[in-house]
Amino acid sequence: MTRIQVMNEVLANKIAAGEVVERPSSVVKELVENAIDAQSTVIKVEVEDGGLKKIKVTDNGIGMSRQDSQLAFERHATSKVRTERDLFRIHTLGFRGEALPSIAAVAKVSLQTWDGQEKAGTRLCLEGGQVTSVEDAPLRQGTVVEVTDLFYNTPARYKYLKTLHTELSHISDWMNRLALAHTAISFCLLHNGRTLLSTSGNGDRLHILAGIYGHQAARQMIPFQATHLDFEAEGLLSKPDLTRANRHYLTVIVNGRYVKHPGIHKAVLQAYHTLLPVNRYPVVVLDLKMDPSLLDVNVHPSKLEIRLSKEKELLGWLEGEIKKALQEQSLIPAPLSGGNRRRQHQQQAVQQTFNLRLPEQKEDQSAQGDREDQQASHGTRHPAGTVGQIHDHKQVHDQLSQYDQQAQTSDESIEQQTEATVPDQSAASAADPEQETSADKIPLLYPLAQLHGTYILAQNEQGLYMIDQHAAQERIWYEHFAKKLNQPERVSQDLAVPLVLEFTAGEAALINKHQDMLKKIGLFLEEFGHHAYIVRSHPAWFPEGEEEILIREIIDTVIRHKGKLEWIYFRDEVAKMMACKQSIKANQYLTRAEMEALLEQLRQSSNPFTCPHGRPITVLLTKYDIEKMFKRVM
């Protein structure tokens, strides 16, 4: 007797079903995808007891003939692929011909269908993969598939299922993704008779998202659309103040198919970059369309994973387009407005314009003296009541100009810096405030005072703004250092005393691996004995007095990542670290002129909304919010 035998069909089907039918949500996914492929415009899903007792999917699609309905339960029987060439241009969600036979192998199934042509509909019943009856059915356009007693003949599979609530959450999640992917189809999901999802099929993705995640979340979404020679993208992006604790709320759809693609997820998160706090994720619905020949969906039986033939090009373009869409938005949160946003806008439509200049006679005497001293030192005098009109901000962060002047003296080929107090606008002098800049992203603000030496209170016609002074300056410094780190370093400053650094053997190996990366930012480490290095110079723009600390922390960054560090992330981490160290801290009191200077620098930054770690810089209490708190409006 031979030791190798061919498995019988029943056993083979049960094993094959394990690849396709992992849990009740897998059944829902496969049946609904079949209904979508059948050109349905209305799909209703009814489940009982988390889908273990019953799953019923009703559609109004094209239906099947009696012969086709029987063939559909044969393994690898499909109407969607005819030749091998068709595998390279998949237009449908299903195509492998495994879903129905896999489901029938581990459950009791009945199918009722009519194609609109035969004299009678068909009702087909199966149990354990075997047909038990075929009979006439009413002439109802479309198909109804009912699955009961899932895994009744595979108790081992049944034992490893989670609670009913968990299984129901998986079903609900799949239905939500499918509804977001196919906005022109009306979906309905009921569990034990209770409606969990209902969409109109009118094509409004934002309306669907509101039904899934709530109206508050929908109000925080930004419409997104972009076109490329090979790709099209549209969808919804959440504003940075709407975040979640995991990536579960990131929905990626490719040619109508919900997929999980690490590269696309990474591109989306990189586009948000410093707009998000650490370990927080956006709510995103991204719908991508491309020629099917650029896409391989035949990677896994679940069809959840895909391969892209132009992946690098797609990811780079996608990251840039999402970043551009976010940069075009005003991202200052107004946390108290909430559902009253419409009323707030109506209120503003009839508001008068107020004169926000502070009366000279009411200005604090000490602050006025500070202002006059500042103006005298700049060679310019302004009326004491004119707020926010200082053009030369050397009182605040004049270190920037000093560092840039040192670099300029050492190497005349470096671009002339006309005003270093606005680091990311080196080509546009701060002495020319009328020039069009990124300042349009944040309104002109008039500082009033400081709160606890930590927050700047400012106002304009919109209301009261609170600005985190550390976060604001951290953003300014971050953009300055990121720009410096991205330029080939040509100017070095010798250390008065060379710095000797000692490491373990493992740390030295990591440093040697990333020597080129360190050289890119102007750090040259010479081997100096056993696992030791000597540093004789540093980039001229390193902040004075912080050179040794920064050098050590930059090298620690390389060691901490254990060699798994790309240049773009290394540069970003170093810029964040340097910015944090240079920025003013809490409980540091500022004069009026210093507050004005800081706010003007923030307006000139490319992203004035969040610090490099994703925390908000500015919060707005609108005039409506304030009136609401004081019961002036009800």
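All of the numbers you see were taken from the coordinates with simple rules; none came from a lab. A quick note: this is a predicted structure, and the numbers were derived from the prediction, not measured. All Cβ positions, even for glycine, are placed from backbone atoms using ideal geometry, and neighbour counts span all protein chains on display.
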DSSP loop trypsin sites (Lys or Arg not before Pro) in the range 541-624 with at most 12 other Cβ atoms within 10 Å of their Cβ, which ones?
562, 564, 585
When the Cα centres of the range 241-311 and the range 99-161 are compared, how far apart do they sit, in Å?
34
Note: probe point = Cα of residue 222 + 7 Å toward Cβ; backbone nitrogen < 13 Å; residues of the range 440-454 passing the test are 441-442
Through the Karplus equation 6.51 cos²θ - 1.76 cosθ + 1.60, θ set to phi - 60°, convert the phi angles of the range 126-136 into ³J(HN,Hα) values in whole Hz; use x for Gly and Pro.
9, 9, x, x, 9, 6, 9, 6, 9, 8, 5
Listed residues 236, 279, 294: farthest to the positive end of the dipole of the range 212-327 (Cβ charges):
279
Environment charge of residue 576, counting only residues whose C-beta is closer than 14 Å and scoring Lys/Arg +1, Asp/Glu -1
+1
Could you tell me which of the pairs 483/576; 266/324; 56/289; 29/260; 520/576 are separated by over 19 angstrom between their Cα atoms in the structure shown?
56/289
Please rank 559, 55, fewest neighbouring Cβ atoms within 10 Å first, as an exposure proxy.
559, 55
Dipole of the range 212-327, Cα-centred, from +1 at each Lys and Arg C-beta and -1 at each Asp and Glu C-beta, to the nearest 20 debye?
440
What residues have an amide H closer than 5 Å to that of residue 222, excluding those fewer than 5 places away on the same chain, when H is modeled at 1.01 Å from N in the peptide plane?
237, 238, 239
Amide H to amide H, which residues 5 or more places from residue 448 or on other chains are under 5 Å from it, using H placed in the peptide plane?
457, 458, 459
Theoretical gain in end-to-end length, residue 77 to residue 65 [0.36 nm per residue, Cα-Cα removed]
2.9 nm
Which listed residue (121, 102, 174) has the Cα farthest towards the positive end of the charge dipole for the range 99-239, taking +1 on Lys and Arg C-beta and -1 on Asp and Glu C-beta about the Cα centre?
174
Sorted by chain and number, the residues with a modelled amide H under 5 Å from that of residue 250, at a separation of 5 or more or across chains, are 284
Selected from 567, 557, 633, residue furthest toward positive end of dipole (the range 547-633; charges at beta carbon):
633
Please rank 477, 114, fewest neighbouring Cβ atoms within 10 Å first, as an exposure proxy.
114, 477
Gyration tensor over alpha-carbon atoms, the range 9-198, equivalent ellipsoid semi-axes in Å:
23, 20, 18
Taking a temperature of 20 °C and a viscosity of 1.002 mPa s, what whole-number D in µm²/s does Stokes-Einstein yield for the range 531-627 with Rh from Kirkwood over alpha carbon pairs?
128
Rounded to whole Hz, the Karplus (6.51, -1.76, 1.60) HN-Hα couplings of the range 119-125, x for glycine and proline:
6, 9, x, 10, 10, 10, 10
Of all chymotrypsin sites (Phe, Trp or Tyr not before Pro) in the range 154-189, which ones are in loop regions per DSSP and have a Cβ with at most 12 other Cβ atoms within 10 Å?
160
